[in-house]
Amino acid sequence: MTTKSGGSTSADLQPVPECPLKYAAGDVIMRSRPWVYSLKVKHILTHCYRCMEKFPLDMKGNTKGRKCGGCACARYCSRKCQNADWKDRHKLECPVMKRATRDRLFDSKSFHGDLLLMYIKIQIKLMKGELEDGPGDCVPPTNRTFLHLLSHREKISETEEAIQLRTETFPQWRSLFEVVDPAGQTFRKNDGDEFLLEIFGKFRINSFGIMSPFKVGHSQYQVGYGIYLGPSVFDHSCDANATQFFDRTALVIRANRNISTLHDVRISYVSAWDSIIQRQAVLEKYCFQCTCALCQDEEIIAEQSAFKCGTDNCSMALPLNDRGRLPCEQCGRINDSELQVAIAVTKALREEYERLRREQPATSFKYLEYLQQLSGLAEKFLHPTNFLLGLFYSLTAPVLLKLKMKEEAFKCVCKAVLPMRSHLNKYDPALLSYLTHLAVWSLEFAPLNQVDYYANECLTQVEQLCGHDHPNSKELRKLAEHCQIATDMVHSL
Ligand SMILES: [Zn+2]
Ligand SMILES: [Zn+2]
Ligand SMILES: [Zn+2]
Ligand SMILES: [Zn+2]
């Protein structure tokens, strides 16, 4: 755990008296409300602009949000959310949103609507002089202010993205502000490109994607963005020892293993359940190259790329390097030729994986057939705990679901979970999401004892992460109890 990003300085984390020095797995390390946050533009019609809850659908399948009378754009779940938002921030941004909606600017990609909504909220905070967290916003409190956040402006200044921002996006924003706020009372019209790029850099490097609530049997998606001053101090490692979790808009960071000091806490800015190339590509946006063991340690990478022993029924996982040539510990076979084949298969599969992630083909039976062909071939040579093989199952499962092949998806996720269990920490959000899906689906597709097994496996993890009283824990407990009753009934017949 030696990875450091340039994103923060540990001097910002002054020892806080009530802050414990040691954390056990499951302990809350920090709980923070966002300094600013915003809903993603694409969710504005379906989610509350304040609390980001999804609106329920009415009988006709329409959503039931309360529309803001000013911009007719922001929608709220309740009067309470609407009033709070108006007072706090929306009053000032409403005219901008009104004009942008009228001129259909949010539809244009070069307009960067999500960035604009965050920018406006940051401006409002700066205007009010609120540079730091309010009392109780972050527990334990830190002395971080918005000014502490790094932007890496010099590094990003010459990127294609920055050039596009300067030539297209910022001029569009300025003319919009000019129209809605000619006196420049809210928006500092004279802010130059450098200032806007500085804000953009801070947003890019420090913002967290706020995820939809974690619910048993549902997939999570990003609902918005938030800047959290306290948590922004934690550096990245793909092999993180702490897991971030959202409780509505609040960010909760918990230890996923024992940690000796606050300074050793690492969170992952990327999903650990992806290839090294994909993870590095995302981290590049943070101007950061990861040197964690999962990215750099060749022995670990060889173990993650395990191949099968050539003896029928031998379950040995052999590392994909010279150690794989040693006599199999289980059966004594020397797997020279198997290693050669596994190296070739891995290379071909990896290239295909990267291509598919880049191109993101649309869901179709043809695409499904192709994915199944690839994983079918790989299954012959690679071990069931192979990371790359697992990533292929992860690509396949959502395609099966979209094509309404739920039972096949269940089997596919069962296979994906094996490598996830082997290589991810047990609180990994991707693993947890899959486990809760399995717990629910296994009711339909698996023997009862398997349901019980999945339900209990994720129950212990969810209880640690969300607490015993959380609806997810209650739901999983109920599921496990139902299975128990059903199993008892079967046995008593
Ligand atoms: Zn609300
Ligand atoms: Zn409005
Ligand atoms: Zn890494
Ligand atoms: Zn063997």
To the nearest µm²/s, what D does Stokes-Einstein give for segment 359-398 at 25 °C and 0.890 mPa s, using the Kirkwood radius over alpha carbon pairs as Rh?
233
As I understand it, the dipole of the chain uses +1 on the Cβ of Lys and Arg and -1 on the Cβ of Asp and Glu, about the Cα centre. Which of HIS470, LEU349, PHE381 lies farthest toward its positive end?
HIS470
Per the Kirkwood definition applied to all pairs of different Cα atoms, how many angstroms is the hydrodynamic radius of segment 362-493?
15.8
Rounded Å value of the spacing that divides the Cα centres of segment 302-341 and segment 202-258:
38
Please report, to two decimal places, log10 I(q)/I(0) for segment 10-274 at q = 0.07, 0.08, 0.13 Å⁻¹ as given by the Debye formula with identical point scatterers on the Cα atoms and no solvent.
-0.27, -0.35, -0.93
Rg [Å, one decimal], Dmax [Å, integer] - segment 307-352, C-alpha atoms:
10.6, 33
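What is the projected area of the convex hull of the Cα atoms of segment 227-303, averaged over all directions, in nm²? Before the final figure, lay out the partial values.
Details: hull surface 23.7 nm².
In nm², the orientation-averaged hull projection of segment 227-303 is 5.9.
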Three principal axis lengths of segment 115-257 [C-alpha, angstrom, descending]:
51, 36, 31
Whole angstrom only: what separates the Cα centroid of segment 84-129 from the Cα centroid of segment 441-493?
45
Considering every pair of different Cα atoms, what Kirkwood radius, in Å, is found for segment 297-423?
15.1
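Which of LYS64/LYS474; LYS91/LYS125; LYS91/LYS128 have a Cα-Cα distance over 25 Å?
Details: LYS64/LYS474 28 Å; LYS91/LYS125 13 Å; LYS91/LYS128 14 Å.
Pairs exceeding 25 Å: LYS64/LYS474.
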For segment 24-178, how big is Rg over Rh, using alpha carbon atoms and the Kirkwood form of Rh?
1.01
Report, to two decimal places, the Cα Rg of the chain normalised by 2.2 N^0.38 Å (N = number of residues).
1.07
If we sort 268-275, 440-447, 34-41 on the protection proxy, mean other Cβ atoms within 10 Å, highest first, what's the order?
34-41, 268-275, 440-447
Could you tell me the relative contact order of segment 10-274? Use alpha-carbon pairs under 8 Å, at least six residues apart, and round to a whole percent.
30
Considering the Cα positions of segment 425-480, please state its Rg to one decimal place and its Dmax as a whole number of Å.
10.4, 29
Can you find, among SER271, PRO95, PHE55, the residue farthest towards the positive end of the dipole of segment 10-274? Put +1 on the C-beta of Lys and Arg, -1 on that of Asp and Glu.
PHE55
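All of the numbers you see were taken from the coordinates with simple rules; none came from a lab. None of the values given here were measured: they were computed from a predicted structure. Here Cβ is always computed from backbone atoms with ideal geometry, including for glycine, and neighbour counts include all displayed protein chains.
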